[in-house]
Amino acid sequence: MKTIAIVGAGAGLGMSIAKKFGQNGFRVALIARNEEKLNQLVIELEQLGIEAASFQADILIKEQIEIAFAAVKEKFGFIDVLEYSPTPSFDSVAPTLDVTEENALYQFQYNVLGALSSVKQVLPDMLDKQSGALLFTTGGASVHPVPRMGNVGIAISGLRNYIFNLNSELADKGIYAGHLSIGIWMQPNSGVQDKIADIWYDMYTKRDRVEEFITEDNV
(Lines give C-alpha, C1' and ligand atoms only; values in the text may rest on other atoms or scores of the structure.)
Protein backbone atom coordinates (compact mmCIF):
# COMPACT_ATOMS: atom_id res chain seq x y z
CA MET A 1 0.00 0.00 0.00
CA LYS A 2 1.03 3.59 -0.57
CA THR A 3 1.21 6.23 2.15
CA ILE A 4 0.15 9.88 2.14
CA ALA A 5 1.35 12.25 4.86
CA ILE A 6 -0.93 15.26 5.36
CA VAL A 7 0.73 18.16 7.18
CA GLY A 8 -1.68 20.58 8.81
CA ALA A 9 -4.44 17.97 8.82
CA GLY A 10 -7.81 19.07 10.14
CA ALA A 11 -11.47 18.17 10.05
CA GLY A 12 -12.11 20.10 6.82
CA LEU A 13 -10.08 19.81 3.63
CA GLY A 14 -7.35 17.70 5.20
CA MET A 15 -9.90 15.10 6.19
CA SER A 16 -11.47 15.13 2.73
CA ILE A 17 -8.06 14.53 1.17
CA ALA A 18 -7.39 11.74 3.66
CA LYS A 19 -10.66 10.04 2.76
CA LYS A 20 -10.15 10.40 -0.99
CA PHE A 21 -6.65 8.96 -1.00
CA GLY A 22 -7.53 6.41 1.68
CA GLN A 23 -10.41 5.11 -0.39
CA ASN A 24 -7.95 4.64 -3.24
CA GLY A 25 -5.58 2.35 -1.38
CA PHE A 26 -3.49 4.78 0.67
CA ARG A 27 -2.56 4.58 4.31
CA VAL A 28 -2.88 8.01 5.91
CA ALA A 29 -0.49 9.80 8.26
CA LEU A 30 -2.04 12.91 9.82
CA ILE A 31 0.40 15.52 11.12
CA ALA A 32 -0.69 18.59 13.10
CA ARG A 33 -0.29 20.31 16.45
CA ASN A 34 -3.46 19.18 18.23
CA GLU A 35 -3.01 15.50 19.03
CA GLU A 36 -6.48 15.07 20.55
CA LYS A 37 -8.22 16.31 17.41
CA LEU A 38 -5.96 14.16 15.24
CA ASN A 39 -6.87 11.06 17.20
CA GLN A 40 -10.56 11.73 16.56
CA LEU A 41 -9.87 11.99 12.84
CA VAL A 42 -7.99 8.69 12.91
CA ILE A 43 -10.99 6.99 14.53
CA GLU A 44 -13.27 8.39 11.83
CA LEU A 45 -10.96 7.16 9.06
CA GLU A 46 -10.65 3.71 10.62
CA GLN A 47 -14.44 3.46 10.75
CA LEU A 48 -14.33 3.89 6.96
CA GLY A 49 -11.82 1.07 6.65
CA ILE A 50 -8.85 3.38 6.06
CA GLU A 51 -5.60 2.64 7.87
CA ALA A 52 -4.48 5.85 9.56
CA ALA A 53 -2.31 7.19 12.36
CA SER A 54 -1.69 10.58 13.96
CA PHE A 55 1.63 12.31 14.58
CA GLN A 56 1.89 15.48 16.66
CA ALA A 57 4.08 18.35 15.46
CA ASP A 58 4.12 22.13 15.50
CA ILE A 59 5.13 23.13 11.98
CA LEU A 60 6.91 26.20 13.34
CA ILE A 61 9.41 23.89 15.07
CA LYS A 62 11.69 22.07 12.63
CA GLU A 63 12.76 19.48 15.19
CA GLN A 64 9.15 18.44 15.81
CA ILE A 65 8.59 18.01 12.08
CA GLU A 66 11.69 15.82 11.87
CA ILE A 67 10.50 13.66 14.77
CA ALA A 68 7.01 13.32 13.32
CA PHE A 69 8.23 12.21 9.90
CA ALA A 70 10.68 9.77 11.44
CA ALA A 71 7.73 8.22 13.28
CA VAL A 72 5.67 8.06 10.08
CA LYS A 73 8.48 6.25 8.28
CA GLU A 74 8.94 3.85 11.18
CA LYS A 75 5.26 2.93 11.09
CA PHE A 76 4.48 3.02 7.36
CA GLY A 77 7.81 3.03 5.54
CA PHE A 78 8.20 5.04 2.33
CA ILE A 79 6.02 8.15 2.06
CA ASP A 80 4.62 8.25 -1.45
CA VAL A 81 2.77 11.57 -1.19
CA LEU A 82 3.33 14.67 0.93
CA GLU A 83 0.37 17.05 1.12
CA TYR A 84 1.07 20.37 2.86
CA SER A 85 -1.98 22.44 3.79
CA PRO A 86 -1.81 24.14 7.18
CA THR A 87 -4.19 27.07 7.65
CA PRO A 88 -2.99 30.06 9.67
CA SER A 89 -5.25 31.32 12.44
CA PHE A 90 -7.41 34.28 11.48
CA ASP A 91 -5.82 36.50 14.11
CA SER A 92 -2.39 36.04 12.49
CA VAL A 93 -3.57 37.52 9.18
CA ALA A 94 -2.74 41.18 8.51
CA PRO A 95 -4.10 43.39 5.71
CA THR A 96 -1.56 45.13 3.50
CA LEU A 97 -1.37 48.40 5.42
CA ASP A 98 -0.88 46.54 8.69
CA VAL A 99 1.94 44.27 7.51
CA THR A 100 4.99 44.44 9.77
CA GLU A 101 8.32 42.69 9.76
CA GLU A 102 7.09 40.47 12.58
CA ASN A 103 3.76 39.33 11.14
CA ALA A 104 5.28 38.86 7.67
CA LEU A 105 8.06 36.73 9.16
CA TYR A 106 5.51 34.62 11.04
CA GLN A 107 3.63 33.78 7.85
CA PHE A 108 6.87 33.00 6.04
CA GLN A 109 7.88 30.60 8.81
CA TYR A 110 4.42 29.03 8.88
CA ASN A 111 3.81 28.64 5.17
CA VAL A 112 7.27 28.45 3.59
CA LEU A 113 9.75 27.19 6.17
CA GLY A 114 7.28 24.56 7.40
CA ALA A 115 6.91 23.37 3.82
CA LEU A 116 10.67 23.30 3.29
CA SER A 117 11.19 21.31 6.48
CA SER A 118 8.51 18.82 5.41
CA VAL A 119 9.91 18.42 1.90
CA LYS A 120 13.35 17.80 3.35
CA GLN A 121 11.97 14.78 5.22
CA VAL A 122 10.59 13.03 2.12
CA LEU A 123 12.40 14.22 -0.99
CA PRO A 124 15.70 12.31 -0.57
CA ASP A 125 13.81 9.01 -0.36
CA MET A 126 11.66 9.98 -3.34
CA LEU A 127 14.76 10.78 -5.39
CA ASP A 128 16.26 7.41 -4.46
CA LYS A 129 13.12 5.63 -5.66
CA GLN A 130 12.46 8.01 -8.57
CA SER A 131 8.88 8.10 -7.34
CA GLY A 132 6.58 10.30 -5.30
CA ALA A 133 4.48 13.46 -5.21
CA LEU A 134 4.65 16.78 -3.37
CA LEU A 135 1.26 18.51 -3.10
CA PHE A 136 0.77 22.00 -1.68
CA THR A 137 -2.58 23.64 -0.93
CA THR A 138 -2.74 27.40 -0.40
CA GLY A 139 -5.20 30.27 -0.52
CA GLY A 140 -6.10 32.35 -3.53
CA ALA A 141 -3.72 35.15 -2.52
CA SER A 142 -0.87 33.01 -3.82
CA VAL A 143 -2.09 33.67 -7.36
CA HIS A 144 -4.18 36.86 -7.17
CA PRO A 145 -3.25 39.58 -4.65
CA VAL A 146 -5.82 39.99 -1.87
CA PRO A 147 -5.18 43.15 0.21
CA ARG A 148 -6.84 41.77 3.35
CA MET A 149 -4.42 38.83 3.24
CA GLY A 150 -1.35 41.06 3.02
CA ASN A 151 1.19 39.14 5.06
CA VAL A 152 -0.15 35.73 4.01
CA GLY A 153 0.04 36.65 0.33
CA ILE A 154 3.73 37.55 0.62
CA ALA A 155 4.47 34.08 1.97
CA ILE A 156 2.26 31.85 -0.14
CA SER A 157 3.11 33.56 -3.43
CA GLY A 158 6.74 32.77 -2.61
CA LEU A 159 5.77 29.18 -1.81
CA ARG A 160 4.02 28.99 -5.19
CA ASN A 161 7.24 30.06 -6.91
CA TYR A 162 9.09 27.27 -5.10
CA ILE A 163 6.45 24.71 -6.15
CA PHE A 164 6.76 25.62 -9.83
CA ASN A 165 10.53 25.33 -9.56
CA LEU A 166 10.20 21.96 -7.85
CA ASN A 167 8.01 20.75 -10.68
CA SER A 168 10.57 21.86 -13.26
CA GLU A 169 13.44 20.20 -11.41
CA LEU A 170 11.66 16.94 -10.54
CA ALA A 171 9.47 16.21 -13.57
CA ASP A 172 12.11 14.07 -15.25
CA LYS A 173 12.94 12.28 -12.00
CA GLY A 174 9.59 10.56 -11.52
CA ILE A 175 8.37 13.01 -8.89
CA TYR A 176 5.35 15.27 -9.27
CA ALA A 177 5.01 18.66 -7.59
CA GLY A 178 1.63 20.36 -7.72
CA HIS A 179 -0.17 23.38 -6.32
CA LEU A 180 -3.84 23.89 -5.60
CA SER A 181 -4.86 27.48 -4.83
CA ILE A 182 -8.28 27.94 -3.22
CA GLY A 183 -9.94 31.20 -4.17
CA ILE A 184 -13.23 30.62 -2.33
CA TRP A 185 -14.34 30.44 1.29
CA MET A 186 -14.99 26.85 2.28
CA GLN A 187 -18.01 26.56 4.55
CA PRO A 188 -18.05 23.52 6.88
CA ASN A 189 -20.10 20.57 5.63
CA SER A 190 -20.67 22.25 2.27
CA GLY A 191 -19.24 19.38 0.24
CA VAL A 192 -16.74 21.76 -1.38
CA GLN A 193 -13.86 20.14 0.48
CA ASP A 194 -14.73 16.75 -1.02
CA LYS A 195 -14.83 18.25 -4.52
CA ILE A 196 -11.43 19.83 -3.99
CA ALA A 197 -10.06 16.49 -2.77
CA ASP A 198 -11.34 14.94 -6.01
CA ILE A 199 -9.44 17.59 -8.00
CA TRP A 200 -6.29 16.85 -6.01
CA TYR A 201 -6.53 13.13 -6.70
CA ASP A 202 -7.10 13.83 -10.40
CA MET A 203 -4.02 16.08 -10.50
CA TYR A 204 -1.97 13.47 -8.65
CA THR A 205 -2.94 10.61 -10.93
CA LYS A 206 -2.78 12.47 -14.26
CA ARG A 207 0.20 14.72 -13.48
CA ASP A 208 -0.77 16.81 -16.49
CA ARG A 209 -0.72 20.23 -14.81
CA VAL A 210 1.21 22.00 -12.10
CA GLU A 211 -1.64 24.08 -10.76
CA GLU A 212 -5.38 24.50 -10.35
CA PHE A 213 -7.05 27.68 -9.11
CA ILE A 214 -10.29 26.83 -7.34
CA THR A 215 -13.26 29.14 -7.93
CA GLU A 216 -17.03 28.82 -7.62
CA ASP A 217 -17.07 27.74 -11.27
CA ASN A 218 -15.00 24.57 -10.91
CA VAL A 219 -16.24 23.02 -7.66
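Numbers for the structure displayed
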{"quantity": "Partners for K129 among lysines (Cα-Cα distance below 18 Å; same-chain residues under 8 apart left out)", "calculated": "K2, K73, K120, K173"}
{"quantity": "Rg [Å, one decimal], Dmax [Å, integer] - the stretch 70-109, C-alpha atoms", "calculated": "16.3, 46"}
{"quantity": "Accessible area of the chain divided out per residue, in Å², using a probe of 1.4 angstrom", "calculated": "48"}
{"quantity": "P(r) weight above 18 Å for the stretch 85-172, C-alpha pairs, percent", "calculated": "45"}
{"quantity": "Calculated SAXS-style log₁₀ I(q)/I(0) at q = 0.17, 0.18, 0.22, 0.28 Å⁻¹ - the stretch 134-198, Debye, Cα scatterers", "calculated": "-0.67, -0.73, -0.93, -1.11"}
{"quantity": "In Hz, Karplus ³J(HN,Hα) per residue of the stretch 164-179 (6.51, -1.76, 1.60; θ = phi - 60°; x = Gly, Pro)", "calculated": "5, 5, 4, 4, 5, 6, 9, 4, 8, 10, x, 10, 9, 10, x, 10"}
{"quantity": "Distance between the stretch 131-199 and the stretch 65-91 - C-alpha centres, whole angstrom", "calculated": "16"}
{"quantity": "Theoretical ellipticity at 222 nm over the chain - DSSP helices of four or more residues, -39500 (n - 2.57) apiece, nearest 500", "calculated": "-14500 deg cm²/dmol"}
{"quantity": "Fraction of accessible area attributable to carbon and sulfur, the chain (%, probe 1.4 Å)", "calculated": "51"}
{"quantity": "Taking the chain and dividing mean pair separation by its residue count, relative contact order in percent (alpha carbons under 8 Å, at least six apart)", "calculated": "20"}
{"quantity": "Charge context of N103, other residues only, Cβ under 14 angstrom, K/R +1, D/E -1", "calculated": "-3"}
{"quantity": "Cα centre as origin, Lys/Arg/Asp/Glu Cβ charges: the stretch 55-190 dipole, Debye", "calculated": "260"}
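The values are calculated or read from the model by the stated rules, or taken from the named source; none is laboratory data. Note that the structure is a prediction, hence the values are computed from the model and not measured. Positions of Cβ are generated from backbone atoms using ideal geometry, with glycine treated the same way; all protein chains shown enter the neighbour counts. Just the protein is used for accessible areas: all its heavy atoms, side chains included, with ligands, DNA and RNA removed. Shrake-Rupley method; radii C 1.70, N 1.55, O 1.52, S 1.80 Å.
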